[in-house]
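Below is one structure, written out as structure tokens; comments come after it.
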Amino acid sequence: MKPKFSLKIKSILIVLMIALVLSGTAIFISYRVYATTMDNRYRTTAMDLAKTAAALADPDAVAQYAEQMMQIYRADPMQEPETDEELAAYYARYDDITGDAYYSVLYKALDSIKSNNGDVLYLYLFVLDPDTKTGVYLIDIDASEYACPMGTWDIIYEGNYAVFEDPTIGFPAYISNSEYGWLCSAGAPVYGTDGSVIAYAMIDVSMDEVMADREAFLENILLIMVIATLVLALLLMWIINRIVVRPINSLSFAAASFVSDQKADGEVSAISQLDIRTSDEIQNLSESIKRMERDINQYIEDLGNVTAEKERIGAELDIARHIQASMLPCIFPAFPERNEIDIYATMNPAKEVGGDFYDFFMVDDRHLAIVMADVSGKGVPAALFMVIGKTLIKDHTTPGSDLGTVFTEVNNLLCESNSEELFITAFEGVLDLVTGEFVYVNAGHEMPFICKAGGDFEPYKIRAAFVLAGMENMRYRAGSMTLEPGDKIFQYTDGVTEATNSHNELYGMERLTAILNQVKNQTPSGILPAVKADVDAFVGEAPQFDDITMLCLEYKARMEPKEDDR
């Protein structure tokens, strides 16, 4: 069969892609170096000119001008004038300052800086007004109609607000593109005789020409690299076709004949008769295919054995899953003869067998125990450790036993035979059906949700002790609360709250709380499927990474005490 994309075509595409990537990288680096060099040069020039302008100004005179101007400005800042007469009247208030003899001298000195540096578009002195975050023009070296006479104000951009905190930093050089074209702007402080900043000298240097040169540089280097890329690509394609494509085509034809010969009459394949001596990887490929011929029959035989073994393991895992499921209480209603309680529980393992487990059983005639636990890890090791933990907890929970002591003893027993270094987070509670007292102990497990009769489900914050099988001789203490008829307890494993959708978002406590309160008036057998359905809707097509186990207990009514209990 003729391939849809031959090796020759793929080689051409790969060579072109590599050439384009290398050319693009070279163009990018060259352009960035050129652009960075020119930007730094203009920033340095703009700042040097700003400092020169600041040094030319007589500090005493500038300080006097600034003080007089700001007194007038603060008394009546310029608003938007409605007529030219109003605008002229506003600027006339500063005529006494601009008419000073030194003001003209300063103007000419600053104008000489602008005239001697052809790229300087604007040069001006201004004073900051911290109250309004504005700059008020003191002098503007601009003979055009866009000149800003003394008293004109303009906003200070938020990016330069640091100057209000530290006036000495001035306005570090920056490059911008606006209606005035490309500009490199910088501002240097004008210091008074006492060392304080009285004004700022601002320079705007045009970068239109350098930006045009930069574009031309990019076009020229792009043209050069395109030509060089094409030449190099053609040369490489010719070399690859000669030393790679042709030998591989010969090998491909031989391999095809090997298959057809084997199907026809079982004769020795043509591939075994090849004599390729290129002293490179193609020769290695030829020898590898020859070895493949010898190995393929053995592989087929081994594959049959592996498949049979895999089917056997799969069957055993399926049996293990059924055994594990049968170890957990799974007949509901669990206690049909008792009107005091209603309980329901589910477990959905992430693999064939899981590490989560739940349990509930009558400790004696008036005490019901519930257990919720999660073994670290997944699969068979966690499932075996689960069986041990479940058995130990149930065996040690006896009438009158302290739950803290139960977990202390179980922890020490689990630590003795924990070669895999697994651990269990577990929660156990025992409900007195007569008094409603609920005694509990928590070993690193999630906090339960409690729904008081007529109220909402809320997480019941309890202190979680260290996990089981994590460290020997840990001491666990039991806590207690009182349940009233109509109260519900919901307990779960972290597979619920940590269920993850395709966007790596967690299901979380907020969603769990919301769905619980939507179905709070249902029975436990209605609450758990609703929560599972909500988790599944959130997760969508994302795979399940952890076991999802839940249990809900409703305390419906107090049990009438027997004569010997009173």
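Read-outs throughout are calculated quantities, based only on the coordinates presented, and are distinct from any laboratory measurement. In this text, all values refer to a predicted model and were calculated from it rather than measured experimentally.
A few points about this structure:
- Rounded if a/c under 1.5, otherwise prolate or oblate - the range 456-566, Cα gyration tensor axes: oblate
- Helix 379-396 axis, angle to the chain major axis (alpha carbon atoms, nearest 10°): 60 degrees
- Relative contact order (%) - the chain, alpha-carbon pairs under 8 angstrom, separation at least six: 11 percent
- When both the range 43-82 and the range 498-566 are represented by their alpha-carbon centers, they are found 71 Å apart.
- Cut-off under 5 Å, modelled amide H: who pairs with Phe126 long-range: Leu138, Tyr200, Met202
- Helix 403-416 axis, angle to the chain major axis (alpha carbon atoms, nearest 10°): 90 degrees
- J(HN,Hα) series, the range 481-487, from Karplus relation 6.51 cos²θ - 1.76 cosθ + 1.60, nearest Hz, glycine and proline x: 8, 10, 9, 10, x, x, 6
- Using every pair of distinct Cα positions in the chain, the Kirkwood expression returns a hydrodynamic radius of 33.8 angstrom.
- Over the range 49-212, relative contact order from alpha-carbon pairs under 8 Å, at least 6 apart, %: 27 percent
- Both the radius of gyration and Dmax for the range 148-209 are 13.1, 41 Å, in that order, over alpha-carbon atoms.
- For the range 331-565, a Kirkwood hydrodynamic radius built from all Cα pairs, placed in the Stokes-Einstein relation at 4 °C and 1.567 mPa s, yields a translational diffusion coefficient of 71 µm²/s.
- Cross-link pairs Lys351/Lys394; Lys351/Lys378; Lys461/Lys532; Lys488/Lys562 - those with Cα-Cα distance over 18 Å: Lys351/Lys394; Lys461/Lys532; Lys488/Lys562
- Using alpha-carbon coordinates, inclination of helix 7-56 to the longest axis of the chain, degrees: 50 degrees
- Restricting the calculation to Cα atoms, the range 49-212 yields a radius of gyration followed by a Dmax of 15.5, 46 Å.
- For the chain, adding -39500 (n - 2.57) for each run of n ≥ 4 DSSP H residues and dividing by the number of residues yields -16000 deg cm²/dmol at 222 nm.
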